[in-house]
Structure formats: structure tokens, C-alpha cells
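Single-structure report; data block below.
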Amino acid sequence: MKLDSLPKEFTPYKQLEIATNKLIDGVALVSVNGFIPVLIGKGETPEIWVTIPADQQGKEWRPIVSKNTSLLEVITVNTKGKVIGVAMGDDIVLEVKEITSESAEITQCNLRPFGINVFLEDDCLKVMTNRYSGNTITGAKIFIDVGKG
């Protein structure tokens, strides 16, 4: 999905945290070639949408999770209280915990099984070869934009 085609039912958190990084009044943490692989919105529990590249060039993307519902048999979405996790097989690829009604934290993230080099390591967000920690971005729609959009 792209910024100009977000789901109608999506409502962003005021603050989204990942590994000591904060996005305030934004939409998504990462955009790759103009596509947003993970979208996290607020609801009764955090609401998650996940899209992945459908081709090696990353020009076409397809949804695999839509508002906490898996669209593939190998993907499971589990909710426990205010925590939601997305797994591929036995491996958790994403876990989000609601902190308040206006903020959530990504506690686990590893999108590499989907061909997206975004993951958590040593309390840092790693995107491609770059490490991010201790950053606060306010008012930007996207925290990190990689590639051509």
C-alpha cells in the first residue's frame, strides 16, 4: 500500500515507538520504493496491515495481513490483551504492544523473511545497512523512506 491509498479504517497512533525511536504525528515507520510494508493503527487492539514485494524488483506489492486478518495460510496473527503478533510458521516477524490509546511500541520486528531488510537488533532499528536509535521524528508521514517512491 502507498500513502495515497491507505485503508479507510486506518487511524494512526499519535506516537509509534521502535527501539528507542519515536514517530510522532506520522503514518508509518518505513516506506520502500513508495510502498509501506507495515501499517499500524489504533483500534480495540493495535491494528496491523502487512504488504510484501510480489516481484524481485519491488515494483509490485501484495497484502498478506489486512486489519489483523492473515491472507496467507503460513501467516498467523495472534492477539493477547493489547499485544498483537504476526508470525510466519514458528517465527514472530512483528509484535506490537499498545502503551496508551495514543501510543504503541513495536517490540519485535524482522521483515527479512519477506525480502524486506528491516529488523530489530541490539536495541536498534536496522534498515538495510543503517542503524537507527534514539531518534524522534515529529510530523513526517514516513520515518524512513528507502528507494524511489
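One table, with the values for the structure above:
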{"item": "Of the GluC sites (Glu not before Pro) in the range 100-131, those whose Cβ has at most 13 other Cβ within 10 Å and which sit in DSSP loop", "result": "GLU102"}
{"item": "The range 33-149, accessible surface, carbon-and-sulfur percent (1.4 angstrom probe)", "result": "46"}
{"item": "Average accessible area per residue (Å²) across the range 26-149 - probe 1.4 Å, nucleic acids and ligands excluded", "result": "52"}
{"item": "³J(HN,Hα), Karplus 6.51/-1.76/1.60, whole Hz, each residue of the range 43-56, x for Gly, Pro", "result": "x, 4, 10, x, 10, 10, 10, 10, 10, 10, x, 9, 9, 5"}
{"item": "Value of relative contact order over the range 1-108, rounded to a whole percent, pairs C-alpha under 8 Å and six or more apart", "result": "22"}
{"item": "Three-way shape label, the range 50-133, alpha-carbon gyration tensor, a/c 1.5", "result": "oblate"}
{"item": "Linear extension gain, THR138 paired with LYS8, 0.36 nm per residue minus alpha-carbon span", "result": "44.5 nm"}
{"item": "Exposure rank, largest accessible area first [ILE137, ILE144; 1.4 Å]", "result": "ILE137, ILE144"}
{"item": "15 Å reach of a label modelled at LYS82, 7 Å along Cα-to-Cβ, counting backbone N of the range 37-75", "result": "41-47"}
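The values are calculated or read from the model by the stated rules, or taken from the named source; none is laboratory data. Because the structure is a prediction, the values reported are computed rather than measured. Quick reminder, even Gly has a Cβ in these numbers, built from the backbone with ideal geometry, and neighbours come from all protein chains shown. Just the protein is used for accessible areas: all its heavy atoms, side chains included, with ligands, DNA and RNA removed. Shrake-Rupley method; radii C 1.70, N 1.55, O 1.52, S 1.80 Å.
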